[in-house]
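The values are calculated or read from the model by the stated rules, or taken from the named source; none is laboratory data. Source: prediction; values computed, not measured. We place every Cβ from the backbone using ideal geometry, glycine too, and count neighbours over all the protein chains shown. Just the protein is used for accessible areas: all its heavy atoms, side chains included, with ligands, DNA and RNA removed. Shrake-Rupley method; radii C 1.70, N 1.55, O 1.52, S 1.80 Å.
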Amino acid sequence: MRVYLPATIAMLRDLEANGEFRARSGTGFALTPALREAYVSGSDEELEYAALLDAARASIRLIAAEEKSEPRRVVVSADIDNVTLRSDLDAPVVRLDGPVPLSQIAAFHVDAPEAAEAVAAAADVIDAADLGDEDAEFTLGDAEDHELAWYAPQELPFFLELL
């Protein structure tokens, strides 16, 4: 199953150093049966993109909690067989049973540097957006308007060197 794991730049550095990715609380997002049921229509590709966007929003939460110095959303895509579906938390949520080795990582997705200001602003208001504050939701939308760039796993050292 393709799983989208919210991350931060610091977590990418840990991945490079340790050769494995440790998802916070073991949480990931995927095209689950519950996600498929939540949409009236949509191809697998469209629903996987929805899961990736949920992971990108969760990345903003990680930035808000622990990494405001590098405010760029990061999502790690991995092919993982053993996950536990957690639709009790949200339709696309899955739990991993441990770290993900680099060999299972298919790609990583990162905001371009131009998104940093919008992502930092979103990190400041994400809790308010969750509670329905319309201005905060607008600020969050500004960050989510930026597309994530795609990188192959073997590009990780070069990407980090260029930061």
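What is the antiparallel percent of DSSP beta bridges lying wholly in the chain, to the nearest 5?
In the chain, DSSP labels about 100 percent of beta bridges as antiparallel.
Please give, to one decimal in nm, the separation of the simple spin-label points placed at residue 49 and residue 25, each 7 Å out from Cα toward the Cβ.
Rounded to a tenth, the inter-label distance reads 2.8 nm.
Give, rounded to the nearest 20 debye, the magnitude of the charge dipole that the chain has about its Cα centre when Lys and Arg contribute +1 at Cβ and Asp and Glu contribute -1 at Cβ.
660 debye
Run through the range 50-118 and list the GluC sites (Glu not before Pro) located in a DSSP loop whose Cβ has at most 14 other Cβ atoms within 10 Å.
Passing both the DSSP loop test and the Cβ count: no residue.
Hey, any idea what % of the range 1-128's accessible area is carbon plus sulfur with a 1.4 Å probe?
47 percent
Give the separation of the Cα centroids, the range 48-72 to the range 106-163, in Å.
A separation of 6 Å, based on Cα centres.
Using the heavy atoms of the protein chains alone and a 1.4 angstrom probe, what is the accessible area of the range 45-106 per residue in square angstrom?
47 Å²
What order, most packed first, do the peptides 132-145, 90-103 have when packing is the mean number of other Cβ atoms within 10 Å of each residue?
Final packing ranking: 90-103, 132-145.
Order these peptides, 151-159, 39-47, by their mean beta-carbon neighbour count within 10 angstrom, highest first.
Ranked by mean Cβ neighbours within 10 Å, highest first: 151-159, 39-47.
Tell me, what HN-Hα J-couplings in whole Hz come from the Karplus equation 6.51 cos²θ - 1.76 cosθ + 1.60 at θ = phi - 60° for each residue of the range 82-88, using x for Gly and Pro?
After applying 6.51 cos²θ - 1.76 cosθ + 1.60, I find 9, 10, 10, 5, 10, 5, 5 Hz.
With each run of n ≥ 4 DSSP H residues scored as -39500 (n - 2.57), what mean residue ellipticity at 222 nm is computed for the chain after dividing by its residue count and rounding to the nearest 500 deg cm²/dmol?
So the helix-based figure for the chain works out to -13500 deg cm²/dmol.
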